[in-house]
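Please read the structure below before turning to the comments.
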Amino acid sequence: MTRLERDTARRKEVWGSSRSGWSGGAVVADNANVKRIETTSSHVEDVPPPSAPRLSLRFVLVRTSHPGNIGAAARAIRTMGFTRLVLVAPHEFPHPETTALAVGATDVLDNVVVVPTLVEAIADCTLILGCTARRRGVALQELNPRDAARQAFAASAGSEIAIVFGNERTGLENDELKLCHAAVHIPSDPTFSSLNLAQAVQVLAYELRLASLEAQAPAADVPAKSDPPASAEQMEYFFSHLAQTLDDIDFHKGRSPRTIMQRLRRLFLRTHMDEREVRILRGLFDDAQRMARMAKERET
Ligand code: SAH
C-alpha cells in the first residue's frame, strides 16, 4: 500500500461516508501518516490577527512535485496567520525537505490533510479560487490577488473558502480550473509569468492578511462615525464657502480658480465627509476669512 493509499484509507475510516468531519472538526496528523479527527472545539482555526474577522480558509496544493515547496508554502501561510494546508496527491509527503523549508511552521505541517483529488479537497467549500500563471481556455472570471482577497472577505459568514494552486510544471488542469469560481492571476510580467509555487502562495496569503487587517481597521484607527453624512446641498454650501475663502485669502494669484476648484471638489467628495467634519472645515474657513479681512483693514 502506498502512503497516499494509507492516508486515503485512514481518512475514509475517520470521515466515514459523511463529509461533516471536514467542517465540523479537523482531520489532523498525530504523526505524519496517522490521522485522527478532532472535535470542533479544538478545530485548528486560521489565525488572522486576534480580533480580525475569521476566514474559514484552506490553501490547497495540487500534485506538488517538490517537497521543499510544500514546506516553503507552509511557512508562507503561517507567517500570514493561516494554518490550514491541504495536499492533493503530493508526489512526496512527508519529506525531510518539507520539514526543513517549513522552518518551524510545524503546526501547519502537523495538521496537513492529504487527499487524492481536488474534488475531495474542496467538497465542502462555497468559494473556490484557482491560481494560474497564465490564461487558460476556461471561461472564468479573472481576479488579481487583492480583489480575490476582498471577495473572500465579502463571502458570507460560514463560507468555506479554498485557494488552489497547481503543480510546479503544469499548473492547474482545465478540469481542475472548471471546479473554481474564479481564476486568480498575479499580474506578473507576461513574458515571464510563472512564480515559484511557494512565492505565489505567499502573495495570496499576504493579500488575505491585508484584507483581514483592512476589515478590522475601522474599529482600530478610524473612530466610528456617529454623525450623519453631509448632504449634497451641504457639500455645495461647503464648496461655495471654500471658493469664497480661497478668493478672500488671495490663494489663486492669477491662476485659474476653476481648475483648482475641480480638483478640490474631487478631493473632498472622495472623503465622504460627515456634517461635523463640514462644520469644522467651515469654521476654519470663517477664521481664514476673518484674518484676511483684518489684514486688509490694517493695509488701508
Ligand atoms: N507552468 C505552470 C506554472 C506553475 S507554477 C503554468 O503555466 O501554469 C505553480 C503554481 O503557482 C501555479 O499553478 C499557480 O497556482 C501558482 N502561480 C505561479 N505563478 C502565478 C501567477 N503569476 N499568478 C497566479 N498563480 C501563480
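Give me the percent relative contact order of region 74-143, please, defined on Cα pairs under 8 angstrom at least 6 residues apart.
On the way: 52 pairs, mean separation 24.8, N = 70.
Rounded, it is 35 percent for region 74-143.
Sort 72-78, 268-274 by the packing proxy (mean of other Cβ within 10 Å over each peptide's residues), most packed first.
Numbers: 72-78: 25.4, 268-274: 13.4.
Ranked from most to least packed, the peptides come out as 72-78, 268-274.
Using a Förster distance of 22 angstrom, determine the FRET efficiency expected from the C-beta separation of ASP147 and THR79, and round it to 0.05. Provide the component values of the computation, followed by the final result.
Values: r = 22 Å, r/R0 = 1.01.
Once the sixth-power term is evaluated, E becomes 0.50.
Determine, for each peptide in 96-108, 245-257, the mean count of other beta carbons within 10 angstrom over its residues, then list the peptides with the highest first. Don't skip to the answer; put the middle values down first.
Values: 96-108: 16.9, 245-257: 12.3.
So the peptides 96-108, 245-257, ranked by packing, come out 96-108, 245-257.
Label-point separation (nm) for ASN174 and ARG265, each offset 7 Å from Cα along Cα-to-Cβ?
Between ASN174 and ARG265, the label points sit 5.1 nm apart.
Would you please classify the overall shape of region 170-215 from the alpha carbon gyration tensor, given that a ≥ b ≥ c denote the square roots of the eigenvalues, rounded means a/c under 1.5, and beyond that prolate means a/b larger than b/c while oblate covers the rest?
Values: a/c = 2.25, a/b = 1.34, b/c = 1.67.
Since a/c reaches 1.5 but b/c is at least a/b, the shape of region 170-215 is classed as oblate.
Between SER159 and THR117, what FRET efficiency follows from the Cβ-Cβ distance if R0 is 30 Å, with the result rounded to 0.05?
Numbers: r = 22 Å, r/R0 = 0.72.
That pair, SER159 with THR117, gives E of 0.90.
For region 242-300, rounded, prolate or oblate, judged on the Cα gyration tensor with a ≥ b ≥ c (square roots of eigenvalues), a/c < 1.5 rounded, else prolate if a/b > b/c?
On the way: a/c = 5.07, a/b = 1.39, b/c = 3.65.
Oblate is the answer for region 242-300, as a/c is 1.5 or above yet b/c matches or exceeds a/b.
In sequence order, what are the phi-derived ³J(HN,Hα) couplings for region 288-300 according to the Karplus relation 6.51 cos²θ - 1.76 cosθ + 1.60 with θ = phi - 60°, rounded to whole Hz, with x for glycine and proline?
Rounded to whole hertz, the list is 4, 5, 5, 5, 5, 4, 4, 4, 5, 4, 5, 5, 8.
When you count, for each residue, the other Cβ atoms within 10 Å and take the mean per peptide, how do 177-186, 158-167 rank with the highest first? All intermediate terms of the calculation are to be shown ahead of the outcome.
Details: 177-186: 19.6, 158-167: 21.6.
Taking the mean over residues of other Cβ atoms within 10 Å, the ranking is 158-167, 177-186.
Shape call for region 180-300 from the C-alpha gyration tensor, a ≥ b ≥ c root eigenvalues: rounded (a/c under 1.5), prolate (a/b greater than b/c) or oblate? List each step's numbers first, then the result.
Details: a/c = 3.51, a/b = 2.27, b/c = 1.54.
Prolate is the answer for region 180-300, as a/c is 1.5 or above and a/b outweighs b/c.
What's the FRET efficiency of MET294 with ARG135 using the Cβ-Cβ distance as r and R₀ = 51 Å, to the nearest 0.05? Intermediate results must be reported in sequence, preceding the final value.
Values: r = 66 Å, r/R0 = 1.28.
Efficiency computed from Cβ-Cβ geometry: 0.20.
In nanometres, what is the gap between the two model label sites at LEU213 and GLU275, each 7 Å from Cα along Cα-to-Cβ?
Rounded to a tenth, the inter-label distance reads 3.6 nm.
If amide H atoms are built 1.01 Å from N in the plane of the peptide, which residues on other chains or at least 5 residues away come under 5 Å of the amide H of SER56?
ILE161
Taking the simple approach of a point 7 Å from Cα along Cα-to-Cβ for both ASP107 and ARG255, what is their distance in nm?
Here the modelled spin labels are 5.3 nm apart.
What percent do you get for the relative contact order of region 183-277 when only Cα pairs under 8 Å and 6+ apart count? Please list the in-between numbers first.
Working: 23 pairs, mean separation 33.5, N = 95.
Value for region 183-277: 35 percent.
Whole angstrom only: what separates the Cα centroid of region 59-90 from the Cα centroid of region 266-300?
56 Å
Read the figures in this text as sums done on the coordinates, not as results from a lab. Bear in mind the structure is a predicted one, so any value in this text is a computation, not a measurement. Glycine gets a Cβ as well: all are built from the backbone with ideal geometry, and neighbour counts include every protein chain shown.
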